[in-house]
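Heads up, the thing below is written out as structure tokens.
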Amino acid sequence: MAKAKNVVILCSDIWRSNHFSTYFTPKFEQNNFEVRPMSYSISNRNLSVDKIADTNLGWAKHIRDRSKTVTFVGHGMGGRIGMAMLAKDPVIFDAFVSIATSYKQSSVIDSVSQIELFRDILEASYPLAKELRKDATVPQELKIPALSIAAQFDAFFGRDATSPIIETHTTIPFTTHTSVVKKERTFLEILGWMNYTFINKQFGGKDIDDVLYN
């Protein structure tokens with residue numbers, strides 16, 4: 001039986017869980033990708049990134065076995081979840097993309113959490129925010145191609161906006177953590193990188209602008 005289309009798994013951040021999939025799904029579908037959103041509860045106080053990763057491994061393997069290629073694209077916390085899945089199964093995806101994901105302890109969240117009232121409000125509204133007070137789970141090495149995209153002001157304020165384990169980085173100008181996913185440039189970065197990754201071509205030292213726009 002022929003395998004399905006190339007699949008993109010989308011995993012949102014904890015702060016605005018709907019806008020990411022809503023914006024990206026039609027764009028990928030217009031380019032002949034099948035999109036599978038990966039959801040998780042933002043209100044379950046017992047959840048952790050590792051638990052979410054464990055819960056979704058079987059689902060992702062089912063998709064992987066029936067697809068030509070599977071690319072995971074995660075925004076914010078979604079990137080941490082995808083990386084934790086790779087730590088458990090290094091080839092669960094064919095390629096990995098994280099957008100504005102911090103893989104180190106967030107100094108901003110940690111500072112806010114020092115104030116008991118703010119910590120209680122934050123963790124009552126977003127229990128998974130406690131995960132941002134520690135380093136992310138990452139594998140010792142990545143066995144698949146990976147791209148990280150930093151929002152400019154995330155990168156400016158947080159030196160840990162990307163992971164050193166990911167070799168291919170880009171920063172989108174004039175973006176914040178939330179706005180970066182709604183920039184056409186962000187989608188073009190991902191689409192161009194995926195196309196070149198899957199057809200086994202390299203950028204040859206060129207700037208990605210040259211690849212995308214020339």
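The values are calculated or read from the model by the stated rules, or taken from the named source; none is laboratory data. Bear in mind that the values here come from a model prediction, so they are computed numbers and not experimental data. Cβ: placed from backbone, ideal geometry, glycine included. Neighbour counts: every protein chain shown. In case anyone asks, the SASA skips ligands and DNA or RNA and just uses the protein heavy atoms, side chains included. Shrake-Rupley method; radii C 1.70, N 1.55, O 1.52, S 1.80 Å.
Tabulated data
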| item | result |
| --- | --- |
| Neighbours by Cβ (under 8 Å, 6+ apart or cross-chain): first from region 136-152, over 10 Å from ILE166 (Cβ atoms) and open to solvent by less than 60 Å² (accessible area, probe 1.4 Å); second of a type in the set (Lys, Arg) and in a loop (DSSP other than H, G, I, E, B) | ALA136/LYS104 |
| Output for region 169-190, where each listed residue is crowded, with 16+ Cβ neighbours inside 10 Å, touching a residue at least 60 places away in the same chain (Cβ under 8 Å) and assigned to a helix (DSSP H, G or I) | VAL180, VAL181, THR186, PHE187, ILE190 |
